[in-house]
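Contents: one structure, followed by commentary.
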Amino acid sequence: MLICDICTQEVPSVEDMKSHMLLAHVEHEVSCPLCTFSGLTYDELHFHLQTAHEDMLNNWDKDGNQCDVVQQKASGSNVSGDTTASDLFAEASERHNDHIQYDNRLQGFREDENELSEGDFCNSSLSDSLSCTVSSRSNSDFMANASCSSSVVCIPNSGSVKENSEACEFQFDLGASASVTQDGVTMLPECPFCCEITPSFEELEIHVRREHADLVDTPTKDCKKYECPMCSLVCASCQILEEHVNLHLEEGSRNEDVAANACSDLYLARQLQCEEDKRRRAEESQKEKEEFQKLQKEFGMDNSGGYKEQSLQNLERAVARGRVQPMEFHLQRVQMMETLATGVDDGRTKTSGVLDALCRYYNNSAPEVNCVWLCSNLDHFSNSPGDKGWGCGFRNFQMILSSLLHNDTFKNSLQAEYRSIPCIPKIQSLIEKAWKEGFDPQGASHFNGRLQGTKAWIGACEIYCLLTSLEIKCQILDFHKPSSPSGTHPLLFEWIQNFYSSGASCSNGRVICTSKPAIYLQHQGHSRTIVGIEERKNKSYCLLIFDPGCPVESMHKLLRQNIDGTALKSLRKYMGSLKHKQYQIVAVDGVLSAEEKAVRLQMTKAFRAEKIP
């Protein structure tokens, strides 16, 4: 935007500046000397003075006051106190004529001086005609300041004009004088750029056009416009346009560099994030795989072989360590292969007569025991080298089946092929057969329908399905949470005591022998067999448990005469020692008919255990 130095108005282009100078500061030069009303013709000015300032003019005529703020000519003569409206009108006419004469002289000077620029002045304190605004400075450093007008405006004497005349204009005849006198002080025209004083305004204009042409020269109407292709700004010359465009290019280059750096940083951040996500997913996948393999190995589903493979590996390891002679190795290998072929357990881990020894102990000693209930007679089966670490469920089934075979009621209901204790691979095949009949499809899918040749653990559900498939009536109960604030399960002890006391067959002192089979007990990570329960003098209960993890040598110690309470330490489980969160039991109640077996088969398709409490 261009700014007029006279009135500080902003205009958008050079052509608009020319029009502004012509309309605002040349044609509108005729103005009222007593007020700020301007833009009048001479007839309108005369009418304005007669109507708007009639009282002021009359007062001047009567009182003889002077307005020492108007100076008409370059000689500096004052306006007398007898000024009338006619005099003011004549003053305005004379000023207009002087302006026309000055323009004519200025045009002739322009034609004679070839070295001066023919362009108009804009935005540099000069326009079609030169004018100066003369202001008094307090320190008198300089006396005049040039601006674009045909008159010199000075600060009037305070108090010389009342009400409507706050300021008076000193009018100068530009062609008639070389200096201006105000209050006795001579003021000469001064260059607004370099402060050089000239004798007349004509010489001031010549000085400005000659010395400061680069500051005031502007294109003419026929001059080419230099418009910026980026922001549509119009420049005065091609050099200015070039510098302006270079600024645009430098800014664009900086923006491109910033954008390129930002894109590069964003790409790098995304790449690092992708690599981090990929690495984290790989670590999670590897961890998941390791945990799954650990679980497979823990539950015997890692395809590392089953009972046969583990037995052979243990025999070879024993031979390598010198604990087994080669001849004995081959003998045991043959016996194992015969067992696998017949499906009958070889009895190498069986201990018989333990319950008879317990009866003798309770009858002869145990003064702390008030009463004891024992299940029907059974044999103890310990883990062998071929199933160590995973075969507890199968060994517990052997003990329960042994208890059933010692009871004539259950023995007669079992088929002839099940009247002998099967080996572990045979038990695995029996469970697979039950799955094929339709028992527990969810459990079958968990094991992929295969147990033989694996080290997979089995639990209460598999024992229940196997017994039901053999037409043995049983029930599965889930003590899913502790029934006392101390984290114990008193309801479990109470249920077992009621179970055995309801099946009492004979009593011999403190020992009550029942016809109830042994009970399968399952908790997290292990399973055992409950063979009886003690009622002590303090009315507390203690379970008698056979653990498959107890070696054969320890069980044989119970067969001695005159055993004491220390020998029963591995069998006794007090309420405070059973603090697992959950326990499941499988208890045998009787035998099933074919119809009842079919009903229970359908029930196992949506397996639901009875929960206590």
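Before moving on, here are some points about what is shown:
- Taken over region 380-426, the ratio of Cα radius of gyration to 2.2 N^0.38 Å equals 1.22.
- Judged by the mean number of other Cβ atoms found within 10 Å, the most tightly packed of the peptides 517-524, 414-421 leads the ranking 517-524, 414-421.
- Magnitude of the charge dipole for region 372-530, about its Cα centre and with charges confined to Cβ atoms of Lys, Arg (+1) and Asp, Glu (-1), is about 240 debye.
- Values of log10 I(q)/I(0), in the order q = 0.21, 0.27, 0.28 Å⁻¹, for region 479-531 under a Debye, Cα-only, solvent-free model: -0.88, -1.11, -1.14
- The alpha-carbon atoms of region 517-611 define a convex hull whose volume equals 166 cubic angstrom per residue.
- Segments 426-432, 588-594 sorted - mean Cβ within 10 Å per residue, highest first: 426-432, 588-594
- Pairs over the 26 Å Cα-Cα cut-off, from the set LYS411/LYS537; LYS294/LYS388; LYS433/LYS455; LYS287/LYS433; LYS455/LYS573: LYS411/LYS537; LYS287/LYS433; LYS455/LYS573.
- Treating each Cα of region 420-571 as one equal point scatterer and applying the Debye formula with no solvent, the log10 of I(q)/I(0) at q = 0.14 Å⁻¹ comes out as -0.91.
- Highest average first, the peptides 502-508, 444-450 ordered by how many other beta carbon atoms sit within 10 Å of their residues are 444-450, 502-508.
- Simple Cβ-charge dipole of region 305-433, Lys/Arg +1 and Asp/Glu -1, about Cα centre, in debye nearest 20: 240
- Of the whole protein surface, TRP495 contributes about 50 Å² of accessible area at a 1.4 Å probe radius.
- LYS537, LYS18, ranked by accessible area, largest first (probe 1.4 Å): LYS537, LYS18
The values are calculated or read from the model by the stated rules, or taken from the named source; none is laboratory data. Please read all numbers here as calculations on a predicted model, not as lab measurements. Here Cβ is always computed from backbone atoms with ideal geometry, including for glycine, and neighbour counts include all displayed protein chains. For the accessible areas, the whole protein counts, side chains as well, though only heavy atoms, and no ligand, DNA or RNA atoms are used. Shrake-Rupley method; radii C 1.70, N 1.55, O 1.52, S 1.80 Å.
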